[in-house]
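To start, the structure itself, in structure tokens.
FYI, it's all coordinate maths here, none of it is from the lab. Please read all numbers here as calculations on a predicted model, not as lab measurements. As a convention, Cβ positions derive from the backbone with ideal geometry for all residues, glycine included, and neighbour counts pool all protein chains shown.
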């Protein structure tokens, strides 16, 4: 099996559980982003990305004070910020644009053997419920041997943690033959200087669905949520 064929099998094999979140079809002819969507959707690589530094001083201290995983603490806040910004909930499905009611996350989870698996985590408005379900999903992924999660869907944020690197830019492995419109969030190594803790965050989005303005909104809201007591 060739690499593209393998990618196709892994990405589009029928999931064991179907995500049934609600979505609304966008009338592209009347959409304010019509010209942007039609223009950028012709590109072989329609994704663009930026890398920023966020202040995680308060977030790290809050997570540790509450006995919570720092990874899940910031991941939840990233998911919450994305769900509050409409453009992060647009997806292209079979050539049509849809606005999903909510988006969930598919983060990479490291395994003891040095590999990783793709997990699936629902966004929950109840933060405690999110942690309970996310911890169970981490355990399931770490004990599994398959790469792909048990749940699939278009309404995902592709997330990855790279805690070994304080990166200043990042690219993603992609097969241009297969459609993809999910935003990609990557979180780097936490670094400290003079009592301030910072972390690199890479955000990639489909330019037909969002612009730098919307990524700016996401970063601002994410920082607000990280700063909450």
Normalised alpha carbon radius of gyration of the stretch 96-229 [divisor 2.2 N^0.38 Å]: 1.12
Difference of contour (0.36 nm per residue) and Cα-Cα distance, residue 174 to residue 48: 44.1 nm
The stretch 46-226: antiparallel DSSP beta bridges as a percent of all, rounded to 5: 75 percent
Modelled FRET efficiency - R0 25 Å, residue 136 with residue 111, Cβ distances, 0.05 increments: 0.95
(i) 19.8, 62; (ii) 17.5, 53; (iii) 19.3, 70, with the label sought being that of the calculated Rg and Dmax of the Cα atoms in Å: (ii)
Fully extended contour minus Cα-Cα distance, from residue 143 to residue 55, at 0.36 nm per residue: 28.4 nm
Estimated [θ] at 222 nm from DSSP helical runs (n ≥ 4, -39500 (n - 2.57)) normalised by residues in the chain, nearest 500: -10000 deg cm²/dmol
The stretch 154-168 versus the stretch 55-122: alpha-carbon centroid distance in Å: 9 Å
Sequence ranges 96-108, 154-166, ranked by mean other-Cβ count within 10 angstrom, highest first: 96-108, 154-166
Length-normalised contact order for the chain - Cα pairs under 8 Å, 6+ apart - percent: 30 percent
Zone residues, the stretch 206-226, relative to residue 65, backbone N less than 14 Å from point 7 Å out along Cα-to-Cβ: 226
